[in-house]
Amino acid sequence: MRTTYCGLVSEALMGQTVTLMGWAHRRRDHGGVIFIDLRDREGLVQIVCDPDRADMFKAAEGVRNEFCLKVVGKVRARPAGTENVNLVSGKIEVLAHEVDVLNPSVTPPFQLDDDNLSETVRLTHRVLDLRRPQMQKNLMLRYRVAIEVRKFLDEQGFVDIETPMLTKSTPEGARDYLVPSRVHDGQFFALPQSPQLFKQLLMIAGFDRYYQITKCFRDEDLRADRQPEFTQIDIETSFLDEAEIRAITEAMIRTVFRKTMGVELPVYAEMTYTDAMHRYGSDKPDLRVKLEFTELTNVMKTVDFKVFSTPATTPGGRVAALRVPGGAVMSRGEIDAYTEFVKIYGAKGLAWIKVNDAGKGRDGLQSPLVKNLNDAAIGEVLARTGARNGDLIFFGADKAKVVNDALGALRVKIGHSEFGRNHGLFEDKWAPLWVVDFPMFEYDEEAGRWSAVHHPFTAPKDGHENLMTEDPGACIAKAYDMVLNGWEIGGGSVRIHRADVQAKVFAALNITPEEQKVKFGFLLDALQYGAPPHGGLAFGLDRIATLMSKAESIRDVIAFPKTQRAQCLLTGAPSLVDEKQLRELHIRLRNTQSTSA
């Protein structure tokens, strides 16, 4: 029906007659000549409707925004001085011979070029929102990423194999989404949080290089970089070690960036988990921000100030500082705002010192805190932080997790702020990073037991097998995350391929043999049949596309996303179902109103 896309009409088609299909982005009547910006997924082209053609002109007069049109016309040069350098079609226009309205449109609820739309309006009218040029670009970029991933993995000998969507509930991470079985009364399937167990089974089955771009589901609290259903680039290999797995997946990401954006990623930094937490308070640090923590725990053990000395002398406590070069110009109001910000992360407050004259020691400092610290402690603070005149030092003192979370978030907030950018605390670049040597376990104080940091199928470092029972907190895993600009875009590990090692992990996690059999019996059975050494890595396609497109949220790179309350405003899901459906599933609702069709 058409000869080309609107956005691809260029000088190469000068003088030719083209047939275009698209939507009226904008209509303008200039003293008897009508201009229509016709839009499709590739962009815009300017249509000129001359009154000399009466039938065509009459049709053009009735056109309004978002009418679906067919236009036949001749490509010609735009008049001098009217070119649009931002468009492929910016040097030409199409003189219309025919304008046919394929389908009119009611008045849209918003203008597609309105940049001040609320997300609620956008998600409620998602179909129209997806017509907006930026959203079209985002989804086309996402598509190109997926294509390049498939090309790369195919060239490396990987095989695309699907795994089940309806599977067994094995709750070890986030909550499962459960699906009741109509056939088996009182029993449930679970939607997969990842294909983890199945991809391990595929390795045991001999498919030594597997991948899948697949949906995963987690019933967890949502935020800007999370969705209840998300898309994972899932990769698993046999007979490769940690370094080899990281090398092949890093090459994939480099290729994707090069082929889709023309970007050559710089050398990947490598950092241990311990170092990342010590320096940045995060296992996914944004290396574009030029701020680091200074450790002060041992300095504050003997000070009289209980706010510092108590966490410094309590197991699991931490005292750290964050020096902000040039930060002394911040007003008290700005500091108070940062104090409220860190409270979101559990901090009780935010102590600070302004360094007016570092050479004067105590007398050159400005803060209510100074009177509570002895001269030795003040000297150590200034020396360790490298404080200079005009700097501001923030302090965190609490349980290590609270300090890491609060100061880590503050570090990023200041770095990304207008102040941070103006004072050279942020460098706009691509900053990739491998975080390695994660702890195998972390202690869950509420549950009173150890839990797996990644998942219970992650292998320990060689020589750490006995630590799983002797000292779980000291056990290091063969686990690794790929981080880009402060986002974890992929994570993985070498898996356990021996049943005896897997049994030790389950013992450390207090999972009884009976529970093991019920939850993971099929995997444990398969491990007995000569399971090969294997491992892999899973990337978040949504997150990669978000970073590439510089979108504010992963919802901007997903066609039909959920809100932060896990709702679809377009379709109204989730919704009530009628009693007949519930009876078929042997379900009775408690503490809720009766449902109806």
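The values are calculated or read from the model by the stated rules, or taken from the named source; none is laboratory data. The structure presented is a predicted model; accordingly, all values stated were derived computationally and were not measured. As a convention, Cβ positions derive from the backbone with ideal geometry for all residues, glycine included, and neighbour counts pool all protein chains shown. Just the protein is used for accessible areas: all its heavy atoms, side chains included, with ligands, DNA and RNA removed. Shrake-Rupley method; radii C 1.70, N 1.55, O 1.52, S 1.80 Å.
Conditions (1) within 40 Å of the chain's Cα centre (by Cα); (2) among the charged types (D, E, K, R), marked per residue:
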| site | (1), (2) |
| --- | --- |
| Thr3 | yes, no |
| Val9 | yes, no |
| Leu13 | no, no |
| Ala24 | yes, no |
| Arg27 | yes, yes |
| Ile34 | no, no |
| Glu42 | yes, yes |
| Gly62 | no, no |
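In region 480-512, the qualifying residues are those that are at pLDDT 95 or above and small (Gly, Ala, Ser), and the one that is surrounded by the fewest Cβ atoms within 10 Å (Cβ to Cβ) is Gly491. Just so you know, in region 556-571 the residues that are under 22 Å from Asp234 (Cβ atoms), out of contact with any Lys or Arg (no Cβ under 7 Å at 6 or more places or on another chain) and not small (Gly, Ala, Ser) include one that is least open to solvent (accessible area, probe 1.4 Å), and it is Ile558.
If you go through region 111-162 and keep only what is within 21 Å of Ile248 (Cα to Cα) and assigned to a loop (DSSP other than H, G, I, E, B), you end up with Gln156, Gly157, Phe158, Ile161. Of the residues Gly424, Gly420, the single one that is farther than 29 Å from Ala538 by Cβ and open to solvent by less than 30 Å² (accessible area, probe 1.4 Å) is Gly420. When each of Met300, Met271, Met277 is tested for being assigned to a helix (DSSP H, G or I), in contact with a Phe, Trp or Tyr (Cβ under 8 Å, 6 or more places away or on another chain) and either open to solvent by 20 Å² or more (accessible area, probe 1.4 Å) or not small (Gly, Ala, Ser) (or both), the lone residue that passes is Met300. Among the residues of region 306-338, those identified as part of a loop (DSSP other than H, G, I, E, B), touching a helix residue (DSSP H, G or I) at 6+ places or on another chain (Cβ under 9 Å) and modelled with pLDDT of 95 or more are Gly326, Met330. How many residues does region 207-230 hold that are in a loop (DSSP other than H, G, I, E, B), farther than 27 Å from Arg144 by Cα and in contact (Cβ under 8 Å) with a residue 40 or more places away in the chain? Of the residues in that region, 1 qualify. Given the conditions (1) out of contact with any Gly (no Cβ under 6 Å at 6 or more places or on another chain); (2) modelled with pLDDT of 95 or more, report the number of the one that Thr302 does not fulfil. The failed condition is (2). The set of residues in region 336-367 being in contact with a Lys or Arg (Cβ under 9 Å, 6 or more places away or on another chain) and within 17 Å of His423 (Cα to Cα) consists of Val355 alone. For region 3-25, a tally of residues being open to solvent by 60 Å² or more (accessible area, probe 1.4 Å) and touching a residue at least 40 places away in the same chain (Cβ under 8 Å) returns 6.
Determine, yes or no, whether Glu98 is farther than 30 Å from Asn138 by Cβ, part of a strand (DSSP E or B), in contact with a strand residue (DSSP E or B) (Cβ under 9 Å, 6 or more places away or on another chain) and of a type in the set (D, E, K, R). So Glu98 fits the description; yes. Count of region 373-396 residues, restricted to those that are touching a strand residue (DSSP E or B) at 6+ places or on another chain (Cβ under 9 Å) and of a type in the set (D, E, K, R), is 3.
So that you can scan it fast, the table gives a plain yes or no per residue for (1) in contact with a strand residue (DSSP E or B) (Cβ under 7 Å, 6 or more places away or on another chain); (2) open to solvent by 30 Å² or more (accessible area, probe 1.4 Å):
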position	(1), (2)
Cys216	yes, no
Asp219	yes, yes
Arg223	no, yes
Glu244	no, yes
Ala251	no, yes
Val267	no, yes
Leu287	yes, yes
Leu291	yes, no
Ser309	no, no
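Restricting attention to region 435-479, the residues that are of a type in the set (A, V, I, L, M, F, W, C), surrounded by 13 or more Cβ atoms within 10 Å (Cβ to Cβ) and touching a helix residue (DSSP H, G or I) at 6+ places or on another chain (Cβ under 6 Å) add up to 7.
Filtered by the rule that a residue be part of a helix (DSSP H, G or I) and either in contact with a Gly (Cβ under 9 Å, 6 or more places away or on another chain) or open to solvent by less than 30 Å² (accessible area, probe 1.4 Å) (or both), region 253-265 gives Ile253, Thr255, Val256, Phe257, Thr260. Restricting attention to region 66-95, the residues being out of contact with any Phe, Trp or Tyr (no Cβ under 8 Å at 6 or more places or on another chain), within 17 Å of Ala24 (Cβ to Cβ) and not in a strand (DSSP E or B) number 2. Of all residues in region 114-133, those being closer than 17 Å to His25 by Cα, open to solvent by 80 Å² or more (accessible area, probe 1.4 Å) and either of a type in the set (D, E, K, R) or at pLDDT below 95 (or both) number 1. Among the residues of region 50-58, not a single one is touching a residue at least 12 places away in the same chain (Cβ under 8 Å) and under 44 Å from the mean Cα position of the chain (by Cα).
In region 35-59, the residue that is surrounded by the fewest Cβ atoms within 10 Å (Cβ to Cβ) out of those that are under 18 Å from Val9 (Cβ atoms) and among the aliphatic types (A, V, I, L, M) is Val48. Counting only helices (runs of 4 or more DSSP H) wholly contained in region 466-568, the ones carrying 3 or more residues that are farther than 28 Å from Arg449 by Cα occupy 541-549.
May I ask you to verify whether Ile544 is among the β-branched types (Val, Ile, Thr) and either without any contact (Cβ under 8 Å) to a residue 40 or more places away in the chain or under 21 Å from Thr167 (Cα atoms) (or both)? No; evaluated as a whole, the condition is false for this residue.
Beta carbons closer than 6 Å, at least 6 apart along the sequence or on distinct chains, never pair a first residue in region 388-408 that is under 12 Å from Thr294 (Cα atoms) with a second that is assigned to a loop (DSSP other than H, G, I, E, B) and of a type in the set (D, E, K, R).
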